[in-house]
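Have a look at the structure below, then the notes.
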Amino acid sequence: MISFTPSISFGGHATDVGLSDLSNNFLYASGVVLVLAMLSFALDLAAYPARTARAEQREAEAAEQRAVQQDEASASASVGGGTAVLERTAGSTDVIPEKRQWAGIGMSLSWLGWLLLGACVVLRAASVGRPPLGNMYEFAIVGAFFVMSTFLIWSLKRDIRSLGIFVVGPTLLTEMLAALVFYTDASELMPSLKNYWLTIHVTIAILSVAFFTIAFSTTILYFVQKWREDIHDTKYTFMDAVPGSAAMDRTTYGLLIIAFPLWTFTLIAGAIWAQKAWGHYWSWDPKEVWTLVIWVVYAAYLHARATAGWSGKKAAYLALAGFGCVLFNFCVVNVFIVGMHSYSGM
């Protein structure tokens, strides 16, 4: 029996429907795996109070054992008339950290979900014969992939498992929006997008948005932890697993220091591409305007921190405003405001 993969020709390029469908299946599989990862991270947080209580009990028992050993050593020294040296058996009174099984499962599932999402992106690119950056659906799946890539690479340097649910959650939401709202059939690029600047400009834009997204999550966590600290919360103790408000504030700042230069490059690269495509660097198109608005808000955030010493709530409100502009630019400008950058595909 002879089998073949159906394809549709767009301007001389055959769009492989079979690969496109397979890409979609990998997206669904990634979504299922990341749901399980979220549940695992949630169970890890839920187990934190009990885990802390057990650690405190073990520490108390270890302290009591050390006190007994010291008393015995003192008594021995007194009887022998000399100075006794207490030799501790390795690990005899040290408290061994409890393994966080659910957090480990969550990280393993996160890596698996990332691999499946990567396969989705690669197959989408293969199905259209170009970088998958031509519409909102493709922007969303590549953006989700970059968010997970950033989180997982970061996790190799620091133990950030307690942040897992707060990063995987937005990623999963993006995947759901891509599959259910933004989905666009594989198709050829519009003429104005057929340029090498597509890969450069849009890839850097997506990478910067990935950092903006994680910074949004850490900003929300800052507000949650600050509220708990202010009221001396003893009810939601599972959130003790998450670093405090000061740490979340510093983390947001660090993420935005990385994201801002990338977004600056996005703005400049977009102007250069516009000159090549349309003959002028700036036309006050809605997309261009909102790209500039995002840049101004985050520039104000970094300027306020560097010169006015802003931190805490004032800086966090600016960070939220910046991400609000990012969402407006992506979800509203792309879909509802007609302009020269109307490439949503929806």
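The values are calculated or read from the model by the stated rules, or taken from the named source; none is laboratory data. It should be emphasised that the depicted structure is a prediction, and the values quoted were computed from it without experimental measurement. Here the Cβ is made from the backbone with ideal geometry for all residues, glycine too, and neighbour counts use every protein chain on show. The accessibility values were calculated without ligands, DNA or RNA, using every heavy atom of the protein model including side chains. Shrake-Rupley method; radii C 1.70, N 1.55, O 1.52, S 1.80 Å.
Quick look at the values:
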{"quantity": "Theoretical FRET efficiency, 1/(1+(r/R0)^6), r = Cβ-Cβ of residue 197 and residue 317, R0 30 Å, to 0.05", "calculated": "0.30"}
{"quantity": "In nm, spacing of pseudo-spin labels at residue 230 and residue 28 (7 Å Cα→C-beta vector)", "calculated": "4.6"}
{"quantity": "Neighbourhood charge, 14 Å Cβ-Cβ cut-off, centred on residue 275 and excluding it, Lys, Arg +1 and Asp, Glu -1", "calculated": "-1"}
{"quantity": "Segment 99-177 shape via C-alpha gyration tensor axes, a/c threshold 1.5", "calculated": "prolate"}
{"quantity": "Formal net charge of residues neighbouring residue 310 (Cβ-Cβ distance under 15 Å; K, R +1; D, E -1)", "calculated": "+4"}
{"quantity": "Heavy-atom surface of segment 154-225, accessible at 1.4 Å and reported per residue (Å²)", "calculated": "43"}
{"quantity": "FRET efficiency estimate (nearest 0.05) - Cβ-Cβ, residue 257 to residue 57, R0 41 angstrom", "calculated": "0.50"}
{"quantity": "Gained length - residue 157 relative to residue 292, 0.36 nm times residue gap less alpha-carbon distance", "calculated": "45.3 nm"}
{"quantity": "Area of residue 268 that stays accessible when all protein chains are in place (1.4 Å probe, Å², to 10)", "calculated": "90"}
{"quantity": "Ranked order, 120, 325 - accessible area, probe 1.4 Å, largest first", "calculated": "325, 120"}
{"quantity": "Accessible-area ranking of 165, 105, 214, largest first, probe 1.4 Å", "calculated": "105, 165, 214"}
{"quantity": "Rh by Kirkwood over Cα pairs, then Stokes-Einstein D for segment 153-205 at 1.002 mPa s and 20 °C, µm²/s", "calculated": "149"}
{"quantity": "Rg [Å, one decimal], Dmax [Å, integer] - segment 243-346, C-alpha atoms", "calculated": "15.7, 51"}
{"quantity": "Extension gain (nm, one decimal) between residue 64 and residue 237, 0.36 nm per residue minus Cα-Cα", "calculated": "59.6 nm"}
{"quantity": "Accessible-area value, residue 295, 1.4 Å probe, nucleic acids and ligands omitted, Å²", "calculated": "80"}
{"quantity": "Å² of accessible area per residue within segment 280-337, as computed with a 1.4 Å probe and no ligands counted", "calculated": "50"}
{"quantity": "Cross-link partners of residue 314 among lysines (Cα-Cα below 30 Å; sequence separation of 8 or more within a chain)", "calculated": "157, 226, 235, 287"}
{"quantity": "Full-stretch length increase - residue 265, residue 246 - with 0.36 nm per residue and alpha-carbon distance subtracted", "calculated": "3.9 nm"}
